[in-house]
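J.: Handing you a structure now.
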Amino acid sequence: MVERQNGRREDRRRDRSVDRSVCGNCQRDRIDSILLKGLQMNDLSGFLKTISKFSLYLFAAGLLLWAVLTEYRPFVAGLLLGMAISLTNFVYLGLKTRQLGELVAQGVKKRFNLGFFTRASLAVLAVMVAYKSERFDLAATIIGLFYAQTTAFVLGLFFVKKKD
């Protein structure tokens, strides 16, 4: 895929992307929505901001559903509880990852943990609250606990497709 011309390396895929950028209605142009503008895959803080912004939209939609659909209130409340804990754990893991990266960059040889016990405790606490309370559905809470990881996976797939 990589050729040498006049001492410079050129990628054939780059030529294809130029042809796609001429098309105004390409699917790759739609991926650059408000949530993904100016974000690179290796930019951890931008990645966290994107997921947080998307989460706020989903929380707002969830609150509207909770207010309108009275018979599904326990399910929606459980889903929102799980999503809130999942997002908290995701942001906390991002913070700890950033701290670990700074320690490695400084060359400090110090024992460091990523806060697994804290994150697991928050998840167990959410499940316990849903189990003990009639206001939260246990299954919906467990589903909501996987929200941030699923969103990060889907967002990562968009970046991989965009990169190609």
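The values are calculated or read from the model by the stated rules, or taken from the named source; none is laboratory data. Not measured: the values here are computed from a predicted model. Virtual Cβ from ideal backbone geometry, glycine too; neighbours counted across all protein chains shown.
J.: Taking into account only those residues within segment 97-123 that are modelled with pLDDT under 90 and charged (D, E, K, R), which is surrounded by the fewest Cβ atoms within 10 Å (Cβ to Cβ)? So that I can check it myself, show each step before the final result.
T.: Step one: list which residues in segment 97-123 are modelled with pLDDT under 90, which gives 97-115.
Now narrow it down to the ones that are charged (D, E, K, R): 98, 102, 109-111.
Details: Arg98: 13, Glu102: 10, Lys109: 8, Lys110: 7, Arg111: 4.
Per the stated criteria, the residue is Arg111.
J.: For Leu63, indicate whether it is among the aliphatic types (A, V, I, L, M), closer than 17 Å to Ala126 by Cα and at pLDDT 90 or above.
T.: no
J.: Does any residue of segment 123-145 turn out to be closer than 19 Å to Ser55 by Cβ, in the same structural domain as Thr70 (by TED's automatic domain parsing) and not in a helix (DSSP H, G or I)?
T.: Looking for residues that are closer than 19 Å to Ser55 by Cβ, in the same structural domain as Thr70 (by TED's automatic domain parsing) and not in a helix (DSSP H, G or I), one finds at least one in segment 123-145, hence yes.
J.: Which residue, of Ser86, Ser55, is at pLDDT 85 or above, under 24 Å from Lys162 (Cα atoms), surrounded by 15 or more Cβ atoms within 10 Å (Cβ to Cβ) and not β-branched (Val, Ile, Thr)?
T.: Numbers: Ser86 fails: under 24 Å from Lys162 (Cα atoms).
Result: Ser55 is the single residue among Ser86, Ser55 that is at pLDDT 85 or above, under 24 Å from Lys162 (Cα atoms), surrounded by 15 or more Cβ atoms within 10 Å (Cβ to Cβ) and not β-branched (Val, Ile, Thr).
J.: Shifting gears a bit: Sort through Val18, Val76 and tell me the only one that's modelled with pLDDT of 90 or more and in a helix (DSSP H, G or I). Reasoning before the result, please.
T.: Numbers: Val18 fails: modelled with pLDDT of 90 or more.
Unique residue meeting the criteria: Val76.
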